[in-house]
1. Restricting to the range 51-74, count the residues that are assigned to a strand (DSSP E or B) and of a type in the set (Gly, Ala, Ser).
2. Can you confirm whether the range 43-50 contains a residue that is of a type in the set (D, E, K, R) and part of a strand (DSSP E or B)?
3. Could you please find all residues in the range 1-24 being in a helix (DSSP H, G or I), at pLDDT 95 or above and either surrounded by fewer than 16 Cβ atoms within 10 Å (Cβ to Cβ) or of a type outside the set (Lys, Arg) (or both)?
4. Please determine, by comparing only the residues of the range 22-64 that are in contact (Cβ under 8 Å) with a residue 12 or more places away in the chain and among the acidic types (Asp, Glu), which one is nearest to residue 12 (Cα to Cα).
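The values are calculated or read from the model by the stated rules, or taken from the named source; none is laboratory data. Quantities reported herein were computed from a predicted structural model and do not represent experimental measurements. Cβ sites come from the backbone with ideal geometry, for glycine too, and all protein chains shown count toward neighbours.
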Amino acid sequence: MVSGEFDQVLDASGLNCPLPLLKAKQALNRLQSGAVLKVIATDAGSVRDFKAYTDQCDHELLQSFTEDERYIYIIRRS
């Protein structure tokens, strides 16, 4: 997935748990169904949080990976 394929990018770098997930939830609520959100976080706890959240909701975690000490999440809104 290339950068042009994201409807919104949320940079939550420097925020500690649970703020990256809370900011992502707010951003997803503003997006239309099917839109794709890219989240950038630096908090290691976000790995567990985003996985648990997307397992329990209708949004789809398309990708989750680490890049240059940042955690990247690609989520499609349900």
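1. 1
2. No: zero hits.
3. Result: 19, 20, 21, 22, 24.
4. 43
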